[in-house]
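Heads up: the structure comes next, in structure tokens.
The values are calculated or read from the model by the stated rules, or taken from the named source; none is laboratory data. Source: prediction; values computed, not measured. As a convention, Cβ positions derive from the backbone with ideal geometry for all residues, glycine included, and neighbour counts pool all protein chains shown.
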Amino acid sequence: MLIQRVYEFDMLICPRCSGQIKIVAFIEPPQGDVIEKILRHGGLWCAAAPRAPPGGDLRNTFVTP
């Protein structure tokens with residue numbers, strides 16, 4: 001109900017057929033392995049490449065007024 005108010009979009013109505021969507025489960029952290037398994041099964045998993053560390057000297061990044 002709060003999401004609908006903020007985004008003016010009803011998450012429980014299907015955007016394709018306007019039918020009612022049924023919530024089957026909530027997946028909460030730390031269940032990353034479950035989320036990965038579900039996405040792999042649906043062909044939606046995209047493994048993230050390792051990120052490089054930030055470049056440059058970050059000690060003098062903040063400017064004081």
- Query: Tell me, which residue of region 11-29 that is within 17 Å of MET1 (Cα to Cα) and either touching a Leu at 6+ places or on another chain (Cβ under 7 Å) or of a type in the set (Asp, Glu) (or both) is modelled with the highest pLDDT?
  - Reply: GLN20
- Near pairs, Cβ below 7 angstrom, 6+ apart or cross-chain, from region 38-65 (in a loop (DSSP other than H, G, I, E, B) and surrounded by 10 or more Cβ atoms within 10 Å (Cβ to Cβ)) to any residue that is modelled with pLDDT of 80 or more and hydrophobic (A, V, I, L, M, F, W, C): TRP45/LEU39
- Task: Please name all residue pairs, on different chains or six or more residues apart, with Cβ atoms under 8 Å, provided the first residue is in region 1-27 and is among the aliphatic types (A, V, I, L, M) and the second residue is not in a loop (DSSP other than H, G, I, E, B).
- Result: MET11/ILE3; MET11/GLN4; LEU12/GLN20; ILE13/GLN20; ILE21/ILE13; ILE27/VAL34; ILE27/ILE35; ILE27/ILE38
- Task: Take region 26-37 and flag every residue that is among the aliphatic types (A, V, I, L, M) and part of a helix (DSSP H, G or I).
- Result: VAL34, ILE35
